[in-house]
Amino acid sequence: MLNAPYHSQKLDQKRTSHLAVGEFGEKLAALYLQRSGKKVLYRNFRSLHAGEIDLVIRDDHVLVFTEVKTRIAPLKGRPLDAVDRDKEIRLESGARAWLAMLPHPEKVVWRIDVVEVILEEGKVPEIHLIKRI
């Protein structure tokens with residue numbers, strides 16, 4: 001899946017196009033992170049009053065809250081550009097909601113990362129990890 005060319009007709013056509021692309025990108029990002037030695041703990045965490053976290057990852061001793069941004073080429077700017085200050089605040093709020101469920105959140109080392117997934121018809125997806133946004 002990571003090394004296979006992207007073909008849009010393989011996406012779930014019953015879903016709204018951007019939702020199917022986003023879901024596909026999240027699957028690719030999870031595989032990419034797992035293959036680089038990270039452990040996926042949870043997908044699509046939502047709290048009642050905070051933002052959604054696409055992937056919660058364990059990277060050695062660090063808990064990583066990961067936003068996945070998927071775009072189809074040709075691009076206008078980077079997928080990372082979609083993570084503006086408001087989105088950062090929602091991500092941090094979602095991360096704090098997760099941490100609040102833990103017995104000693106003050107002892108947890110954590111960060112927020114972004115994974116960019118760039119899809120282009122007939123080409124292998126490009127995946128970039130941006131740590132500590």
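The values are calculated or read from the model by the stated rules, or taken from the named source; none is laboratory data. Not measured: the values here are computed from a predicted model. Neighbour counts are summed over all protein chains in view; Cβ atoms, including those assigned to glycine, are modelled from backbone coordinates with ideal geometry.
From the set of residues in the range 57-78 that are over 11 Å from the mean Cα position of the chain (by Cα) and over 30 Å from PRO5 (Cβ atoms), which is surrounded by the fewest Cβ atoms within 10 Å (Cβ to Cβ)?
HIS61
So ILE130 ticks every box in (1) in contact with a helix residue (DSSP H, G or I) (Cβ under 8 Å, 6 or more places away or on another chain); (2) over 30 Å from ASN3 (Cα atoms); (3) of a type in the set (A, V, I, L, M) but one. Which box is left unticked?
Single failed check for ILE130: (2).
Rundown of residues vs (1) at pLDDT below 80; (2) crowded, with 16+ Cβ neighbours inside 10 Å; (3) in a strand (DSSP E or B), yes/no style:
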site: GLN9; (1), (2), (3): yes, no, no
site: ASP12; (1), (2), (3): yes, no, no
site: VAL21; (1), (2), (3): no, yes, no
site: GLU26; (1), (2), (3): no, yes, no
site: ALA29; (1), (2), (3): no, yes, no
site: TYR32; (1), (2), (3): no, yes, no
site: ASN44; (1), (2), (3): no, no, yes
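Give the residue that is surrounded by the fewest Cβ atoms within 10 Å (Cβ to Cβ), with candidates limited to residues of the range 124-133 that are β-branched (Val, Ile, Thr) and either modelled with pLDDT of 95 or more or in contact with a Phe, Trp or Tyr (Cβ under 8 Å, 6 or more places away or on another chain) (or both).
So, considering only residues that are β-branched (Val, Ile, Thr) and either modelled with pLDDT of 95 or more or in contact with a Phe, Trp or Tyr (Cβ under 8 Å, 6 or more places away or on another chain) (or both), the one surrounded by the fewest Cβ atoms within 10 Å (Cβ to Cβ) is VAL124.
When the range 89-123 is examined, which residues are found to be free of Cβ contacts under 8 Å to residues at least 24 places away in the same chain, loosely packed, with under 13 Cβ neighbours inside 10 Å and under 20 Å from ASP59 (Cβ atoms)?
Within the range 89-123, MET101, LEU102, HIS104, GLU106, LYS107 meet the criteria.
Could you say which residue among ASP86, ASP54, ASP81 is under 22 Å from HIS18 (Cβ atoms), without any contact (Cβ under 8 Å) to a residue 24 or more places away in the chain, surrounded by 12 or more Cβ atoms within 10 Å (Cβ to Cβ) and not β-branched (Val, Ile, Thr)?
Of ASP86, ASP54, ASP81, the one residue that is under 22 Å from HIS18 (Cβ atoms), without any contact (Cβ under 8 Å) to a residue 24 or more places away in the chain, surrounded by 12 or more Cβ atoms within 10 Å (Cβ to Cβ) and not β-branched (Val, Ile, Thr) is ASP81.
Within the range 46-86, restricting attention to residues that are among the basic types (Lys, Arg), closer than 16 Å to GLU26 by Cβ and assigned to a strand (DSSP E or B), which residue is modelled with the lowest pLDDT?
ARG71
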